[in-house]
1. Determine if the stretch 230-238 includes at least one residue that is within 29 Å of residue 687 (Cα to Cα) and within 16 Å of the ligand (Cβ to nearest atom).
2. Which count do you get for residues in the stretch 167-187 that are touching a strand residue (DSSP E or B) at 6+ places or on another chain (Cβ under 6 Å) and open to solvent by 10 Å² or more (accessible area, probe 1.4 Å)?
3. Where in the stretch 352-453 are there helices (runs of 4 or more DSSP H), lying fully within it, with 1 or more residues that are touching a strand residue (DSSP E or B) at 6+ places or on another chain (Cβ under 8 Å) and closer than 30 Å to residue 629 by Cβ?
4. Which condition breaks for residue 444 when tested against (1) open to solvent by 30 Å² or more (accessible area, probe 1.4 Å); (2) over 16 Å from residue 125 (Cα atoms)?
5. Pick from 141, 211, 163, 146: which is open to solvent by less than 10 Å² (accessible area, probe 1.4 Å), away from the ligand (no atom under 16 Å from the Cβ) and modelled with pLDDT of 95 or more?
6. Within the bounds of the stretch 394-403, is there any residue that is farther than 30 Å from residue 204 by Cβ, in contact (Cβ under 8 Å) with a residue 24 or more places away in the chain, small (Gly, Ala, Ser) and crowded, with 22+ Cβ neighbours inside 10 Å?
7. Given the options 615, 645, 658, name the one that is under 26 Å from residue 604 (Cα atoms), more than 29 Å from the chain's Cα centre (by Cα) and not aromatic (Phe, Trp, Tyr).
Amino acid sequence: MIKSVSKIVIAILFSFLFIFCGNKTDLKNSSTTNNRIEQKVDSVLALMTLEEKIGQLNQYTSDWTATGPITINPNKQEEIKNGLIGSMLNVLGTTYTRKYQELAMQSRLKIPLLFGLDVIHGYKTTFPIPLAEAASWDMEAIGLSARIAATEASASGIHWTFAPMADIGRDPRWGRVMEGAGEDTYLGSKIAYARVKGFQGNLGDVNSVMACAKHFAAYGAAIGGRDYNSVDMSERMLWETYLPPFKAALDAGAATFMNSFNDLNGIPATGNKYLQRDILKGKWNFQGFVVSDWGSIGEMVKHGYAKDNKEAALQAITAGSDMDMESNCYRNNLVQLVKENKVPIALVDEAVKRILYKKFELGLFNNPFKFCNPEREQYELNNPEHTKAARDIAKKSVVLLKNQNNLLPLSKEIKTIAFIGPMVKPKRANHGFWAINLKDVDSSYIVSQWDGLQNKVGKNTKLLYAKGCDIDGEDTNGFSEAVKIAKQADVVILSIGEGWNMSGEAKSRSNIHFSGVQEDLVKVIQATGKPVVVLINAGRPLIFNWTADNVPAIIYTWWLGSEAGNAIADVLFGDYNPSGKLPMSFPREIGQIPIYYNYFNTGRPADNETNTNYVSAYIDLKNSPKFPFGYGLSYTTFKYSDLKVSKKQMTDKETIEVTANITNTGKVSGEEVVQFYLRDKVGSVVRPIKELKDFQKIALKVGESKTVTFIIDKEKLSFYNQKAERITELGEFEIMIGASSADIRLTDYFELID
Ligand code: NOJ
């Protein structure tokens, strides 16, 4: 039966409860189920030829689309019939998945195919890009977006999404920061957990898809922010900053992991035994399977790590990569490698078993066409409840960066509004990168920003439009028309930023200032003297100092998805009071990158941003970001008061309770993300100047106060030393509670004692 969204939310909450409150009987039942599946897996394995086993490790893209450099193989359909392919990606829709599954049913053992797809921020209903959703700091909303994406994708024949991306992103030049949760490990871990839960629900239900935590590991730290580039980092950094979101995804039950393109300290992640066997499948006891990234097994030859594809296949399977996405290295070499005794058959069997297990768990052996119901597809892909949720989540993802003299929210009585810019009319732009823009799916249902504004204002408001300029290029011919309509208006809204394909995979940029002549357009419009609101659409933090310093109101809209236009209008006119907070620091200049709030103090900290003499500073720029991590304004104001710390000393077996009062001191209801940071004052390795350890998003009516409570326990105080051991050290800690990483309102201290 098809569930409504509210039922879905209840189902998620229920499954969370189930996980946390599961009693011994549940555990016993689940281990019986596991044993039963294992027996079935073994019985299938016993029937398989070596070629069929290796077929299960082989994944191809569909014939009509590619999300990477395509390999030509005209025999795919024949190979499926011969049981030589275990999974396909980029095959979607009930018609096509059925067609391919029927081919698999012609194979000797009728082992069903797995269909994987990059369902990154929605399927047909498009949600805000993941970085934008991270700005909501709202785990329920993020979980719901993943749940709906899973509901739609599974209704369209998909079994498996290549999400969430759990990579930490501290470098906005890297185009893939749009796909992650930003710079912070704690926030990133919470979000990875929520997304996996949302995608997977109760795995095996017809509404659920397998999640894939990617890219394992450290892909986000590509040198210079250049995609696919090398990564060089200490063990301490790896464990402290980059691995925890993956562990959180695993704790949430992530069925699969994807390895990554980068080398880590000289070893490509795909051939990296330490990452995949020692950590993931060893120390963390991961029971699912690992898929390579697109072609990444074969790319080990170009890395200079393998002399040819055969050696690459040997390295990858030995290191723990179970499935080969699109490199053909397993398909072309593993049989021979086994026959030559270079790859023990046990290694192949282990990989096959992991994959078959998931096929059983999804129920595909019982019914290979379980996800191929066109009526369900038709219903779910046009479900108005999903659209409603998309609008709600989009509103929550918006960040209000500036609002001088309370220019916003706008009155609905305004006579004339000039809506200017290259992002006003297009629909596709709101989709962002990784939209499912393959066959049969279009952008026609997306609410453009123009349509959103029109839907919002009454008949008495006149809307004027001018494009002004393109996103890129030098053409300023449109400026005069833009200035003309600005002069006729009571207020100007300017929508600029990045095109949908300027952030994303392979979309690194060396220059993240506004592109083309967009900032010049801002200048000429601002010069009209009219009140100006700038909407910035982007997949990453951009640099826009002139705009930030001169324009009275700025909203960072990111790419908000299907309901972008309506959500933006809701925020502009105060039907929703913005509550988003930045999940990444916004630099003043490219030279500050990488930039993040939880840095080390150094031996010569630049206490005063104007004194650069013999301190760790730039002589031409402040160290601080333009907009810090955790920052975001509201149409109301919040007072933080009454910090109480239950005791000033604790042992690592005890806890401390910290409470504070938050009051809405403004004129409208609003939501605040109260952020809880700690600083470990002295450590055997240097500790960051502050670290986010908890947060709460609370809603407050005008004049209302609420008490927020944070619990300090051993987990919040421990860290990784240089040997990657997690330790806790005695000593003093600073408590900081604030509205952003740079706006700490309340502080206190406590001591960890023996
Ligand atoms: C390459 C990307 O790195 C990965 O994230 C994606 O899932 C695959 N291509 C498949 O499209």
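1. Looking only at the stretch 230-238, we keep the residues that are within 29 Å of residue 687 (Cα to Cα), and these are 230-238.
From the residues that got through so far, the ones that are within 16 Å of the ligand (Cβ to nearest atom) too are 230-231.
Yes, the stretch 230-238 has at least one match.
2. Matching residues across the stretch 167-187 total 1.
3. Details: elements: 374-381, 384-397, 428-431.
Ranges flagged: 384-397, 428-431.
4. (2)
5. Working: 211 fails: away from the ligand (no atom under 16 Å from the Cβ); 163 fails: away from the ligand (no atom under 16 Å from the Cβ); 146 fails: away from the ligand (no atom under 16 Å from the Cβ).
Just one listed residue meets the conditions, 141.
6. So in the stretch 394-403, the residues farther than 30 Å from residue 204 by Cβ come out as 394-403.
Right, trim to in contact (Cβ under 8 Å) with a residue 24 or more places away in the chain and you get 394-403.
Keeping just the survivors that are small (Gly, Ala, Ser) gives 394, 397.
Going one step further and asking which of them are crowded, with 22+ Cβ neighbours inside 10 Å, we end up with 394, 397.
Looking through the stretch 394-403, at least one residue is farther than 30 Å from residue 204 by Cβ, in contact (Cβ under 8 Å) with a residue 24 or more places away in the chain, small (Gly, Ala, Ser) and crowded, with 22+ Cβ neighbours inside 10 Å.
7. Working: 645 fails: under 26 Å from residue 604 (Cα atoms); 658 fails: under 26 Å from residue 604 (Cα atoms).
Selected residue: 615, the only one of 615, 645, 658 that is under 26 Å from residue 604 (Cα atoms), more than 29 Å from the chain's Cα centre (by Cα) and not aromatic (Phe, Trp, Tyr).
Yes or no, residue by residue, for (1) surrounded by fewer than 24 Cβ atoms within 10 Å (Cβ to Cβ); (2) under 30 Å from residue 435 (Cα atoms):
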{"residue": "486", "(1), (2)": "no, no"}
{"residue": "494", "(1), (2)": "no, yes"}
{"residue": "497", "(1), (2)": "no, yes"}
{"residue": "502", "(1), (2)": "yes, yes"}
{"residue": "511", "(1), (2)": "yes, yes"}
{"residue": "527", "(1), (2)": "yes, no"}
{"residue": "536", "(1), (2)": "no, yes"}
{"residue": "541", "(1), (2)": "no, yes"}
{"residue": "550", "(1), (2)": "yes, no"}
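The values are calculated or read from the model by the stated rules, or taken from the named source; none is laboratory data. Because the structure is a prediction, the values reported are computed rather than measured. Please note: Cβ atoms are built from the backbone with ideal geometry, for glycine as well, and neighbour counts cover all protein chains shown. Just the protein is used for accessible areas: all its heavy atoms, side chains included, with ligands, DNA and RNA removed. Shrake-Rupley method; radii C 1.70, N 1.55, O 1.52, S 1.80 Å.
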